[in-house]
Each structure stands twice: as C-alpha cells, then as structure tokens.
1. Based on this model, can you work out whether Phe27 counts as assigned to a strand (DSSP E or B), outside the structural domain of Tyr421 (by TED's automatic domain parsing) and crowded, with 17+ Cβ neighbours inside 10 Å?
2. Can you name every residue in the range 379-403 that is among the basic types (Lys, Arg) and part of a loop (DSSP other than H, G, I, E, B)?
3. With (1) within 30 Å of Ala236 (Cβ to Cβ); (2) acidic (Asp, Glu); (3) out of contact with any strand residue (DSSP E or B) (no Cβ under 6 Å at 6 or more places or on another chain) as the list, and Glu399 as the residue in question, which single condition is left unmet?
4. Evaluate the range 316-328: report whether one residue or more is crowded, with 24+ Cβ neighbours inside 10 Å, assigned by TED's automatic domain parsing to the domain that holds Lys218 and within 16 Å of the ligand (Cβ to nearest atom).
5. Just need a number here: residues in the range 144-157 that are away from the ligand (no atom under 14 Å from the Cβ), of a type outside the set (Lys, Arg) and either at pLDDT 95 or above or not in a loop (DSSP other than H, G, I, E, B) (or both).
6. Contact list please: Cβ distance under 9 Å, first residue in the range 123-135 and over 16 Å from Phe37 (Cβ atoms), second residue among the basic types (Lys, Arg) and in a loop (DSSP other than H, G, I, E, B), pairs at least six apart or on different chains.
7. I need the full set of residues from the range 416-440 which are surrounded by fewer than 17 Cβ atoms within 10 Å (Cβ to Cβ) and under 20 Å from Pro11 (Cβ atoms), in order please.
8. Any residue at all in the range 236-249 that's over 25 Å from Arg185 (Cα atoms) and touching a Lys or Arg at 6+ places or on another chain (Cβ under 8 Å)?
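The values are calculated or read from the model by the stated rules, or taken from the named source; none is laboratory data. As the structure is a prediction and not an experimental result, all values here were calculated from the model. Don't worry about glycine lacking a Cβ; one is built from the backbone with ideal geometry, like all the others, and counts go over all protein chains shown.
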Amino acid sequence: MTLQLDQTHDPRATSWVPSAQRAGTDFPIQNLPLGVFRRPGSGESRIGVAIGDQVLDLARAMAIGALQLEPGYYDCVAAPRLNSLLGRGRRALQAVRSAVFALLREDSPLPRPSEDCLVASAAVELLLPVEIGDYTDFYASIHHATNVGKMLRPDQPLLPNYKWIPIGYHGRASSIVASGTPVQRPVGQIRPSPDAPPSVHATKAFDYECEVGLVVGKGSALGHPVPLGEAEDHLAALCLVNDWSARDIQAWEYQPLGPFLAKNFATSLSPWLVTLDALEPFRVPLADREPGDPAPLDYLAPGERGSRAGFAIELEVGITSLRMRSEGIAPMRLSRCSFDRMYWSPAQLVAHHTMNGCNLRPGDLLASGTVSGPDPGSQGCLLELTWRGSHPITLPTGEVRRFLEDGDEIVMRGTCSRDGYPRIGFGECRGVVLAASESA
Ligand code: MN
C-alpha cells in the first residue's frame, strides 16, 4: 500500500468541535483515532473516535444517518471491540476515516449529529480497544539492546544475531490491561547472589518499558508468509505500550528461554489506536545502519520503501510519586525518545514474524520493544536510566528512585509533529504501582 495523502490530511482542515482546534490537543481532525468507551452507568462497550476532548459514538452516528458509511459497515462499527473493523483491512479503515472526517469538518454540509452522538472523553471510561488474541514483544531498539547487553555481558553487549534477525518472544495476552488500570508489584523467585539459593519475595526492581504497539488489522493465513511489501496492509494502527518488568525476577529466570513471569503479570495499553493513515505525514526513513553492519537479508530488505519505513513519534515518559501527587507536583519527565531510532521497522517485524508461515489475526499486538535512543535521557526504562540502580534519579520532592516504588505512577505520551501539519498525539498510557499482595 503506497502513500495516500488525501483531504483528511489537509493541514488547513478544522472541525466544528471547538476543542479539536485547541492548542496542545492530541486529537485534531487530522488524527481521528479509534477506541472503545463506556458511558457512566452503562455496561455497554461502544466504538468511538476521539475529536478534541470529545468522543464520537460511531454506531449511534451511523444509526441516525449522520455518519455516512455503507450499511455493510454497521455490524463491525456496532461491535464491542474493534477486531472485526480492523480485520477488514486498510481500505475499510480509510472509508471510516473519510466518513468521520466528512461529518466532523467545519464546513460539512451534513446535518450535525444529535448531541447524544458526542460525549466528553472526561466523562467516559476508555477500555481495551481490541480483544488481543496474541501478543509478541520485540527488541527492535539497538540502543536498548546494547545498553542491556553492556550490563549483562560487558565483553559482548550485542549478541551476533542482533543485526540479522529481529529478536522477539511471545508474550501474554490475558494480562494486557487498559491504561489507568493499577498494576500490582509482582512476587517471584529471585536470586540476588550466585552464592545463595533463590527465595520468593516481591520484586525490588520494578520497572516500566516504553514501547510502541503495532495492532494487526487484516489477518494472514497460516502457512503464508507476508512479504515485506505487503506487511503494512496487515497493520491497522499504532498505540503506546508499557511492558512492566521485574528485573530481578527476569535476571534469574530468563536463560535459556527468555522472559516469562518477569513480564507476564501486566502490560498496559493506551486506549486510542492511531491509524497508519493518520500517521502517513509523519513517515521518515529508518535510522541508518552503521557502516559495516550487514545488509538485511532479502525478505527484510526494504529497498526504496526504506525511505518511509519509520514513523517519527516522539515518546515521553513521566513519573509522579504518591507524595508528588499529594503535593500537587506535576509529573517529572524521565525520558524522551523518538521511535524513528529503531533498528527494525514495523514492516520488517511483520515480515519476520510471518516468514515461517505463522499467521496473524485481527487485533494481535506486536510491541516494538523498549524504545531507547543514543543520547542521555532517551532511554525508555529505569534499568537503563539508572544503570541498574547505580545512578539513582532524584524526584522534585527529594525522593530517590532506582526502580519504581509503590504508589509511583508512570505516564507515557506519544506525539507526531512536522512543519506545516497539525500535531497529532496518542493520548496517554498510564498506570500506578500497587503494593504486592499481603501473602508475599
Ligand atoms: Mn519489552
């Protein structure tokens, strides 16, 4: 699928929803991300599109004839999750985007939808947007891989396979939670010293990982690899992911099969799915490989497509402690990094994931791995930022952090900016750390 900038990307377009033009909004009319929400006091999950500080109820707007989509779309727009809509592929998502744009733009000739079609985002609960069947976590930032490697294997930080093969592991879908869900400090088997046997206690090295999630749209058939050139046909949208991690549990359990209980107790997902179409103006080349790095093997070789394989998403992680929040202190920024510094592109991750015939299903989640850059302050987790606790961070209250303490809240944000275009954003991915359960 090639570059399609259309009227929905027109930087001059505005909406009759006033907050869509408000400075700093993540959701101008050029964004139109998809999500699932619940009205207060209602048990019903509804599909919505964020516009300014409002949410447009798609099924309701369609039912009253305000949102003009072919009738065949109604069932998937009225579903409680986005899987069936995303599963119809990029063309269907473009049709929805065009129809929503036509309805919301300032000079729309369509009748304005009744008031009950729009609801304030602040008044609704944002839920997991998709039913996630399978979750894969990659390791696509060479800066993250190198830093972690330096701590574990100073003599050989980057393993020889890294520049040839996108490294990943299969994660756990059942414990993926919506942004805002508190996350309990996990208990696990930990061995602090090679001279003593392991013991069971709550993690003392609770960390976050700032990642970008790739949400699968159109599925792929078992036994049929997806060629790189078609990989993005199978990606519907991007979102933010916090891959909560317990470093001490991880250090003891990870060899030889990789992460397990150090990761699968919780993963947080941002509620709004920003479609690849909305991200089209923010495409960039992937960061250059270093001279001497091997060229990707044929099935991963981007060719001309490489000039647009990356996405310029600025990611920011903020923290507040319980005390900071009680004293009204704003979140402290821990890091800032751009997603365009990754070693492997989203398309390469899809092509690699399916090269052996492994199938993808609508709503599957592929996470990028921790997004870290080369510069100080651009590392997407505390393990790197504090160098395994040896360089603690001081919060504005004077409190010191090596890893997360109970009551700490992590807030991730992502934004895309480019001269001449309205800034679009991902909203936030938020989670507060709860104390370990009493039995620990
Ligand atoms: Mn991860």
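1. On the way: assigned to a strand (DSSP E or B): no; outside the structural domain of Tyr421 (by TED's automatic domain parsing): yes; crowded, with 17+ Cβ neighbours inside 10 Å: yes.
Spelling it out, it is not the case that Phe27 is assigned to a strand (DSSP E or B), outside the structural domain of Tyr421 (by TED's automatic domain parsing) and crowded, with 17+ Cβ neighbours inside 10 Å.
2. Here is the first cut: in the range 379-403, the ones among the basic types (Lys, Arg) are 388, 401-402.
If the condition is that a residue be among the basic types (Lys, Arg) and part of a loop (DSSP other than H, G, I, E, B), then Arg388, Arg402 are the ones that fit.
3. The one condition Glu399 does not meet is (1).
4. yes
5. So in the range 144-157, the residues away from the ligand (no atom under 14 Å from the Cβ) come out as 146, 149-157.
Among the residues that remain, those that are also of a type outside the set (Lys, Arg) are: 146, 149, 151-152, 154-157.
Restricting the remaining residues to those that are either at pLDDT 95 or above or not in a loop (DSSP other than H, G, I, E, B) (or both) gives 146, 149, 151-152.
Here the count works out to 4.
6. If the second residue must be among the basic types (Lys, Arg) and in a loop (DSSP other than H, G, I, E, B), the pairs left are Gly133/Arg361; Asp134/Arg361; Tyr135/Arg172.
7. Ser417, Arg418, Asp419, Gly420, Tyr421
8. Kept after step one, since they are over 25 Å from Arg185 (Cα atoms), are these residues of the range 236-249: 236-238.
This time we only want the ones that are touching a Lys or Arg at 6+ places or on another chain (Cβ under 8 Å), so: 236.
Yes: the range 236-249 contains one or more residues that are over 25 Å from Arg185 (Cα atoms) and touching a Lys or Arg at 6+ places or on another chain (Cβ under 8 Å).
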